[in-house]
Amino acid sequence: MERVVQQLDILTETDKEACELPRISKEENRGNSRKMYIESYGCQMNFADSEIVTAILQEQGFDTTADFTKADVILLNTCAIRDNAEQKVRNRLKHLTGVKKNRPGTLIGVLGCMAERLKSKLLEEERIVDMVVGPDAYRDLPRLVEEADGGQKSVNVFLSREETYADISPVRLNSNGVTAFISIMRGCDNMCSFCVVPYTRGRERSRDPYSIVAEARELFNQGYRDVTLLGQNVDSYKWLADGGLRKTELNDSFAAPTGISEESKASANPESGVPTTHSQTVSFAQLLEMVAQIHPNLRVRFTTSHPKDFTDEVLHTMARYENICKYIHLPAQSGNSRILKLMNRTYDREWYLDRVAAIRRILGNECGISTDMITGFCTETEEEHQDSLSLMETVQYDYAYMFAYSERPNTPAAKKLQDDIPYDVKIRRLNEIIAMQYKHSFERNKQDIGQTYKVLVEGFSKRSEEHLQGRTSANKVVVFPKKQYKKGDYVHVHITDCTKGTLLGEAI
Ligand code: SAM
Ligand code: SF4
């Protein structure tokens, strides 16, 4: 079932690209004899994983290429969230048949969620595939490539309870040099009934906070100014201490986050305030604070927040730090409590609205809020669909990612519920919520006219090199005449006009 991105004018161009287009590796020649090409589909977690995969294979002597016809190894890092995501990969594999004919030694690997979902069945269904590699098996890639080089089909879809790739320094792909993603956790334990993620990415596990801080600091030192902390449910991030002394990963300028417990502060170095042991538990709010303290010029974002775990503590931490961006992606999925129960989201409409009220109370009206919505979930009535519309009307989201329900094999919904809403009804409902979001995005942007925002410049605007493009703290895209400014600068921009997807203004 189609994610109707083409119709979503409310999404910025950048968002549309992120949703629809695969990302491909860039050309980098270090004089190595073999080349890898990686094409990534789906969510930001996948894009971040491709950077880990690239680091692992670069270590093995692979250069990267942006041209798959020149590659010795072609990798597709796949998504399985909706059926159309998998169809896209299958079509791509058909296209790659020609490449194998022209360069018979070329290896083709399918990585990520689709690999995990289909396992070795994928080798039977797609004959040109040589390697099937699940999201927790990337360290094994050198061995799998070697096996495939020897003419054997290779598979590793083992899901781990520990793997976080914490020690691997990702090779940034498609980077603008200003913004970067950092995975802070993997997997998901939530079991939303419609969702395939718990089966394709395994159990939830949090990454060592000190490795996260080290990666963010390294990015800052390289000139990056905006990091997004990634997880399926960042609010359940929890690092349980027992790692011992890790002085090398700490930096003298790092002060103990004020959110850390008294007990933890007691174990901090009295001079620098640096925690000296891992004998403390780190929550998501504390992690946010640790990253925010790296430098006031490093913006910190995060996604995704699950309404059931989203705490006031996180909101208060956001309020304390100017550099923690005032933008929250808080997927509702539905505005109706019965449907939310069937979805096993473990919150109801009232709970969700209470979380939105907390955002407005603690961070004010300017905080950006976006959502994910699904139309036509099993047994959804017209009235229940109207509840989704009225939830959107109440919240007035800045953005929304909207989907028609796509049944995924072996999920609880596929096993226990009937996918009984006809396709055309799902799409009609989808179009209704799209139209509503269209209106709200424009309304929310119009409220910004006359305001001045601090914008981090990410590059030239899509249309002209005379204009720059950046984002506000609330994640709104701003386009303005470039004057003397350049990528990586913070610029105060007075907003003079807007479209549904973009604010327009003048640097002041
Ligand atoms: N962890 C995030 C959360 O809980 O909100 C979402 C991760 S999922 C990769 C992104 C979005 O895809 C979900 O929020 C949901 O709206 C949508 N999605 C997941 N499974 C779907 C399905 N079977 N059909 C349609 N949309 C789906
Ligand atoms: Fe899927 Fe729910 Fe986990 Fe999000 S929280 S990844 S929707 S199971």
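Key figures for this structure:
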quantity	calculated
For the stretch 17-172, average projected area of the Cα convex hull in nm²	8.6 nm²
Zero-based 5 Å bins, Cα pair distances in the stretch 39-125, whole percents	3, 13, 24, 25, 21, 12, 2, 0
Percent RCO, i.e. relative contact order, over the chain, from Cα pairs under 8 Å lying at least 6 residues apart	11 percent
Relative packing of 150-158, 323-331, which averages over residues the other C-beta atoms within 10 Å, highest first	323-331, 150-158
Leading residue at positive end of dipole, the stretch 373-462 (Cβ point charges), from Ser390, His440, Ile427	His440
Dimensions (Å) - the stretch 425-508, Cα atoms, principal axes, largest first	51, 24, 18
Equivalent ellipsoid, the chain (semi-axes from 5 times Cα gyration tensor eigenvalues, Å)	33, 30, 25
Distant-in-sequence amide H partners of Thr179 (H built 1.01 Å from N, under 5 Å)	Arg225
Listed residue pairs exceeding 27 Å between alpha carbons, taken from Lys26/Lys462; Lys26/Lys483; Lys35/Lys462; Lys35/Lys482; Lys446/Lys483	Lys26/Lys483; Lys35/Lys462; Lys35/Lys482
Estimated vicinal HN-Hα couplings, Hz - the stretch 485-496 in sequence order (Karplus 6.51, -1.76, 1.60; Gly, Pro = x)	8, 8, 3, x, 7, 8, 10, 7, 10, 8, 7, 10
Peptide ranges 216-226, 284-294 listed from the most packed, as the mean C-beta count within 10 angstrom indicates	284-294, 216-226
Scattering profile of the stretch 116-162 at q = 0.16 Å⁻¹ [log10 I(q)/I(0), Debye over alpha-carbon scatterers]	-0.40
Relative contact order for the stretch 417-475, counting Cα pairs under 8 Å that sit 6 or more residues apart, in percent	21 percent
Selection from Ser370, Ala414, Pro142 lying farthest towards where the dipole of the chain points positive, charges on Cβ	Pro142
Given charges at beta-carbon only (K, R positive; D, E negative), |dipole| of the chain in Debye	740 debye
Rounded to 5, percent antiparallel among DSSP beta bridges of the chain	40 percent
Surface per residue (accessible, 1.4 Å probe) for the chain, Å²	40 Å²
Amide H contacts under 5 Å for Cys498, placed H, 5+ residues apart	Leu504
Square roots of five times the Cα gyration tensor eigenvalues for the stretch 337-395, Å	23, 12, 9
Debye intensity ratio I(q)/I(0), log10, the stretch 317-424, q values 0.12, 0.15, 0.20, 0.22 Å⁻¹ (C-alpha model)	-0.46, -0.67, -1.03, -1.17
Rg and Dmax of the stretch 103-183, Cα atoms only, in Å	14.4, 42
Ala400 long-range amide H proximity, modeled H, under 5 Å	Thr371
DSSP bridge pairs, the stretch 98-230: antiparallel proportion in percent, nearest 5	15 percent
Under the Karplus curve 6.51 cos²θ - 1.76 cosθ + 1.60, θ = phi - 60°, whole-Hz ³J(HN,Hα) for the stretch 467-483, x wherever Gly or Pro sits	10, 9, 10, x, 10, 7, 4, 7, 6, 8, 7, 10, 10, 8, x, 6, 6
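The values are calculated or read from the model by the stated rules, or taken from the named source; none is laboratory data. Keep in mind that what you see is a predicted model, and the values were worked out from it rather than measured. All Cβ positions, even for glycine, are placed from backbone atoms using ideal geometry, and neighbour counts span all protein chains on display. To get the accessible areas, we keep the full protein, side chains included, count just its heavy atoms, and leave off ligands, DNA and RNA. Shrake-Rupley method; radii C 1.70, N 1.55, O 1.52, S 1.80 Å.
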